[in-house]
Amino acid sequence: MIAAGNYAAFATACLAALSACDGGRQAAAHAARQIIPAPASLELKSGRFEIADGTRVWASDPAARPVARYFIDLVARTRGIRLEMASTQDTAGIRLALAAQAGAARETYDLNVSSHGVEIAAPGTPGLFYGTVTLWQLVTADGADSGPTAIPALRIADAPRFAWRGLMLDSARHYQPPAYIRQLIDWMALHKLNVLHWHLTDDQGWRLEIRKYPLLTQVGAWRRPAGAAWPDDPDPATGRPPLYGGYYSQQEVREIVAYAAERFVTIVPEIEMPGHAQAAIASYPRLGTGGRPPVSPDWGVHDYLFNADESTLLFLEDILIEVIELFPGEYVHIGGDEAVKKRWKNSPRVQSRIRELGLADESALQGWFVARLERFLNSHGRRLIGWDEILESGTPARAAIMSWRGTEGAIAAARTGHDVVMTPAPGLYLDHLQSDSPDEPPGRPSVVSLADVHAYEPVPSGLNQDEASHILGAQLNAWTEHMRLPERVTHQVFPRAAAIAEVTWSPAATRDWSGFQARLPVQFARYRRLGMAYADSAFEPRLRLSPGSSAERLRVELAKQAPLGEVRYTLDGSAPTAASPGFQESIEAETGVHLRAATYEGELPLSSELAATLDRRFLNLRTGESLKQCTGSLVLRLEDDAPLEGERAFFNVDIVNPCWIWPNADLGQGGTLRLAVGQLPFNFQIGADADSIRRGDARTAAGELEVRVGSCDAEPVALLPLAAAALDPAVTVLPPLRIPPRPGRHDLCLRFARPAIDPIWAIQWVELGD
């Protein structure tokens, strides 16, 4: 029997010494390497079973037939094999059997393959489903697109390590169409992830139809985005200015919930309270503490909270009644995080309520608020779950905790008998980029890599066995402030979801990073057949050019972040293949040559293609990503707000101090400075940090780009007015500027002097040429 963590080592040994392994064992070792998440145990046997058009699938029980039909459809879509549903048992086919096992969880399954057929047995339909997912991975283990396949004889006995294997999707900041939600659920199920935590309300949008309170979606689901690019002209169809947003009707939600249930994914809805309530208060101002705010176009921590009036609590209970009717799962998430108490402190009405309830302060009021809602949910057969801030004011007895601010909340909750889901920032937050590629989409530039997620351990150290039993599992969080498009969500989620799947399903003692990497090429092939816009950026070749041995030649270096695979390249303009030359440490090539490169592991591609025409101009060019940030106070990778349609530029910018350094620039001969700049809306709620934002001393109405040499504190050697760029909401190339010569190399400091913090000016690229 081979434990999960030894798959890669066993396969390597087989392939290195073929005389030690028969063909069946070689095939079994290869197939075992291709299962993600790795099963608890696998026993290799002699023989194999061929699956081809016409292979029959039989379900022993009516409850198993939907699983059989799902498997048949999945194999047809991803491998092109046309299986048939059998009406009677066929010993030479694939058999799905519900079989009671004393004490076994419903997600447990046994998969047995012999030369006579395949049998999957499980005590419940979830186990049968996960068994068919594993069988699908065996069917697609060779990475081929079509044709029959032979799977090795083996036995897999499998069960998950944790009950909660989750993904949080934020649909409040950016709305995703129902078709995408269903697609995401499909992909989750194929990773044996079983909880979709659906973040449906926030300051920037209310996405769930509540029939008793229609203004929540008529008003709260729509906003005017920040920035000059969004049109103010009325929509001809409505006569009103165009707005951005959307919401899910109750019928759409029922269909999504049913779709998820068929794939054994439970949806946990999140309705934020008492904070993150601005969209709701924009819809019904009486829920707040005064004034009618807009649905917010800003990111960050807002200070609009629901008040604590009895009428407001009844309003929220009305909402929860409709939520409970739509979502049949055990848990309802009520948020509870980042509830800034400023407006409560300043509200005579709230202060009167605190005295009326006999509470000590605003924190105690939040505790009372959460306890009231927990009693309501309990009375309707549901459990409350909230972010770890709800620990601060006394956690109700049956409430569960999501620990996002490190592990301290998890430890405190588990030690007091509360169930916990681990989801700490930044390690499980998908708004952090997953590689150092310059082509990564917007997000937080600090990297949370695939390896980082795979290395995560959900059970905090220091808990005893009883306390550790309260750790339900873990989940990744896809906060979408910087994921405007559904394909951006897919890019940020996958393949990191494969890593969290292994963390939460596979036994901890057998987790193995090198073995996981070895399974990625085939997993990526599956992703491509599923039509997923997944991220391969950790394996993408990065190009670096330096001067060659003559003016007509350049030294070329290609590197990648992850060690797996080999970079293959061509210099004749043809597409690289697995047979192309492997790239060594560096080469020299003539200027004008068209380089194309991609990473391969064996015959399978690991990355998309890099293509570049080698040009000496790139020696004197720096992108915003490659320039050094001056301070790094709050650096984000942001997307331009223009144009409204089509591709937009990305900028790495410190929103507190927009300032860049080109280290050791050669100014011996002086040079001509050319820059491309863009303007971004300042739509960030950052509290007191806004007071430290540097504006500089603008000399004109639009401001200037200041160029300094040696130090950012030196007097500017040149100024570039921004008047023309201020008229263009997209990227503008500024007029060229001559820099006088200075002996040697010096840092060039580039920053903006502006009359206000909005807009944020940012550099896309800068060139120092002749």
- Once phi is turned into θ = phi - 60°, what whole-Hz ³J(HN,Hα) does the Karplus curve with 6.51, -1.76 and 1.60 give for every residue of the range 234-247, x standing for Gly and Pro? x, 5, x, 6, 10, x, 10, x, x, 10, 10, x, x, 7
- Task: Could you name the aspartates and glutamates whose alpha carbon sits less than 12 Å from that of Lys345, not counting residues in the same chain fewer than 8 places away?
- Result: Asp303, Asp361, Glu362
- From zero up to wherever the largest Cα-Cα distance of the chain sits, split into 20 Å bins and tell me the percent of pairs in each. 15, 43, 34, 9, 0
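Dividing the alpha-carbon radius of gyration of the range 670-770 by 2.2 N^0.38 Å (N being the number of residues), what value is obtained? Before the final figure, lay out each step's value.
Details: Rg = 14.2 Å, N = 101, 2.2 N^0.38 = 12.7 Å.
Normalised Rg, Cα atoms only: 1.12.
For the range 325-470, what is the charge dipole size about the Cα centre, in debye to the nearest 20, if Lys and Arg each add +1 at the Cβ and Asp and Glu each add -1 at the Cβ?
I would put it at about 1020 debye.
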- Farthest toward positive dipole pole in the chain [+1 Lys/Arg, -1 Asp/Glu at C-beta], among Pro294, Leu768, Trp387: Trp387
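So if I place +1 on the C-beta of Lys and Arg and -1 on the C-beta of Asp and Glu, and nothing else carries charge, what would the dipole magnitude of the range 480-538 be about its Cα centre? I want it in debye, nearest 20. Walk me through the intermediate numbers first.
Details: 8 positive and 5 negative charges, 36 e Å.
Roughly 180 debye, rounded to the nearest 20.
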- Query: Per 5 Å bin, what is the whole-percent P(r) computed from every C-alpha pair distance within the range 616-666?
  - Reply: 4, 19, 22, 20, 17, 13, 5, 1
- Task: Would you kindly derive the ³J(HN,Hα) couplings of the range 197-202 from the backbone phi angles with the Karplus curve 6.51 cos²θ - 1.76 cosθ + 1.60 (θ = phi - 60°), listing them in order in whole Hz, with x for Gly and Pro?
- Result: 8, 9, 7, 9, 9, 6
- Setting aside same-chain residues fewer than 8 positions from Lys192, which lysines have a Cα under 27 Å from its Cα? Lys45
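What is the antiparallel percent of DSSP beta bridges lying wholly in the chain, to the nearest 5? Could the numbers behind the result be given before it?
On the way: 87 of 133 bridges.
Given both bridge residues lie in the chain, the antiparallel proportion sits at roughly 65 percent.
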- Query: Residue farthest toward the positive end of the dipole of the range 266-404, with Cβ of Lys/Arg at +1 and Asp/Glu at -1: which of Ser403, Gln278, Ile334?
  - Reply: Gln278
- Please express the shape of the range 103-205 as an equivalent ellipsoid: the semi-axes are the square roots of 5 times the eigenvalues of the C-alpha gyration tensor, given largest first in whole angstrom. 33, 18, 9
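Mind checking the per residue accessible area of the chain for me, 1.4 Å probe, whole number of Å²?
Values: 29330 Å² over 770 residues.
That works out to 38 Å² per residue.
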- Task: Report Rg/Rh for the range 616-745, rounded to two decimals, where Rg is the Cα radius of gyration and Rh the Kirkwood radius.
- Result: 0.95
- Report the GluC sites (Glu not before Pro) located in the range 605-671 that are in a DSSP loop and have at most 11 other Cβ atoms inside 10 Å of their Cβ, or state none. Glu645, Glu647
- Treating the beta-carbon of each Lys and Arg as +1 and of each Asp and Glu as -1, no other charges, what is the dipole magnitude of the chain about its Cα centre, to the nearest 20 debye? 440 debye
- Item | Diffusion coefficient, µm² s⁻¹, Stokes-Einstein with Kirkwood Rh over alpha-carbon pairs of the range 241-286 at 20 °C and 1.002 mPa s | 161 µm²/s
- Query: If amide H atoms are built 1.01 Å from N in the plane of the peptide, which residues on other chains or at least 5 residues away come under 5 Å of the amide H of Val57?
  - Reply: Glu84, Met85, Ala86, Ile94
- Task: Return the long-range amide H neighbours of Ala718 (sequence gap of 5 or more, or a different chain), with a cut-off of under 5 Å between placed amide H atoms.
- Result: Val707
- Query: Distance from the Cα centre of the range 391-413 to that of the range 70-109, in angstrom?
  - Reply: 40 Å
- How large is Rg over Rh for the range 337-486, taking Rg from the Cα atoms and Rh as the Kirkwood inverse mean of 1/r across Cα pairs? 1.05
- Task: Positive end of the charge dipole of the range 469-592 (Lys, Arg +1 and Asp, Glu -1 on Cβ, about the Cα centre): tell me which of Gly582, Leu520, Gly548 has its Cα farthest that way.
- Result: Leu520
- Non-local residues with an amide H under 5 Å from the amide H of Ile739, with H modelled 1.01 Å from N and Pro and chain starts lacking one, are Gly671, Thr672, Leu673
- When every alpha-carbon pair in the range 90-136 is counted, what percent end up more than 13 Å apart? 48 percent
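Quick one: with all protein chains in place, what share of the accessible area of the chain is carbon or sulfur, to the nearest percent (1.4 Å probe)?
Numbers: 14950 of 29330 Å².
C and S atoms contribute 51 percent here.
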- Determine the relative contact order of the chain: mean sequence separation of Cα pairs under 8 Å and six or more apart, normalised by residue count, in whole percent. 10 percent
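Show me the ranking of peptides 572-582, 705-715 by mean Cβ neighbours inside 10 Å, starting with the highest.
My ranking of the peptides, most packed first, is 705-715, 572-582.
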- In whole Hz, the Karplus estimates of ³J(HN,Hα) for the range 214-228 (6.51, -1.76, 1.60; θ = phi - 60°; x where Gly or Pro) are x, 5, 4, 9, 5, 9, x, 8, 9, 8, 9, x, 5, x, 6
- Task: Take the alpha-carbon positions of the range 644-715, form their convex hull, and give its projected area averaged over all directions (one quarter of the hull surface) in nm².
- Result: 7.5 nm²
- Message: For the range 37-126, take N as its residue count and report Rg(C-alpha) divided by 2.2 N^0.38 Å.
- Response: 1.09
- Sequence ranges 78-89, 139-150, ranked by mean other-Cβ count within 10 angstrom, highest first: 139-150, 78-89
- Hey, any idea what the orientation-averaged projected area of the convex hull of the range 587-648's Cα atoms comes to, in nm²? 8.0 nm²
- Query: Just the Cα atoms of the range 541-609, one point each, no solvent: what log10 I(q)/I(0) does Debye give at q = 0.16, 0.24 Å⁻¹?
  - Reply: -0.52, -1.04
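The values are calculated or read from the model by the stated rules, or taken from the named source; none is laboratory data. Computed from a predicted model, the values in this text were never measured in an experiment. Cβ sites come from the backbone with ideal geometry, for glycine too, and all protein chains shown count toward neighbours. Heavy atoms of the whole protein, side chains included, go into the accessibility calculation; ligands, DNA and RNA do not. Shrake-Rupley method; radii C 1.70, N 1.55, O 1.52, S 1.80 Å.
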